1. Suppose only helical runs count, i.e. DSSP H with n ≥ 4. What mean residue ellipticity at 222 nm does that imply for the chain under -39500 (n - 2.57) per run, divided by all residues and rounded to the nearest 500 deg cm²/dmol?
2. Roughly how many percent of the accessible protein surface of the chain is carbon and sulfur, given a 1.4 Å probe and a whole-percent answer?
3. GluC sites (Glu not before Pro), restricted to the range 1-49: which are DSSP loop and have at most 14 other Cβ atoms within 10 Å?
4. Which percent, nearest 5, of DSSP beta bridges in the chain are antiparallel?
5. Once the Cβ-Cβ distance between Glu45 and Gln69 is put in as r, and R0 is 25 Å, what FRET efficiency do you end up with, to the nearest 0.05?
6. Which whole-number percentage describes the relative contact order of the chain, with Cα contacts under 8 Å and a sequence gap of 6 or more?
7. Once Lys and Arg get +1 and Asp and Glu get -1 on their Cβ, which of Ala40, Trp13, Ser2 lies farthest toward the positive end of the dipole of the chain?
8. Using the Kirkwood radius over C-alpha pairs as Rh, can you work out the diffusion coefficient of the chain via Stokes-Einstein at 37 °C, viscosity 0.692 mPa s, in µm² per second?
Amino acid sequence: MSVTVYSTTTCPWCVKAKDYLKSKGIEFNDINVSLDPRAAQEMIEKSGQRGVPVLDINGNIVVGFDKPQIDKLLGL
């Protein structure tokens with residue numbers, strides 16, 4: 001399973017999303033788009049959004065901390 005979280009340092013929903021994944025024992029790659037312009041562009045291309053968090057779960061994009069959709073994609 002491949003999980004990437006696109007986030008920023010100051011985003012409270014990003015923290016909630018990452019804490020939630022940690023609580024479920026899900027390993028993920030955390031990319032801070034405020035520090036990496038190329039990653040920010042990649043996130044926008046994948047999601048069509050500039051807002052964070054954006055989660056890429058096995059190629060499926062979730063915009064925001066949408067727990068039901070995250071659980072569905074993770075098989076929880």
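1. Working: 3 runs with 31 residues, N = 76.
The helix contribution divided over the chain gives -12000 deg cm²/dmol.
2. Values: 2190 of 4570 Å².
Result for the chain: 48 percent of the exposed heavy-atom area is carbon or sulfur.
3. Working: sites: Glu27, Glu42, Glu45; in loops: Glu27.
Listed in order of number, the matching sites are Glu27.
4. Values: 8 of 12 bridges.
Looking only at bridges with both residues in the chain, the antiparallel portion is about 65 percent.
5. On the way: r = 20 Å, r/R0 = 0.80.
Rounded to the nearest 0.05, the efficiency is 0.80.
6. Working: 110 pairs, mean separation 27.2, N = 76.
RCO, the chain: 36 percent.
7. Checking the options against the dipole of the chain, the answer is Trp13.
8. Numbers: Rh = 12.1 Å.
Here the translational diffusion coefficient equals 271 µm²/s.
The values are calculated or read from the model by the stated rules, or taken from the named source; none is laboratory data. Just so you know, these numbers come straight off a predicted model, no measurement behind them. Please note: Cβ atoms are built from the backbone with ideal geometry, for glycine as well, and neighbour counts cover all protein chains shown. What goes into the accessible areas is simple: the full protein's heavy atoms, side chains included, and nothing from ligands, DNA or RNA. Shrake-Rupley method; radii C 1.70, N 1.55, O 1.52, S 1.80 Å.
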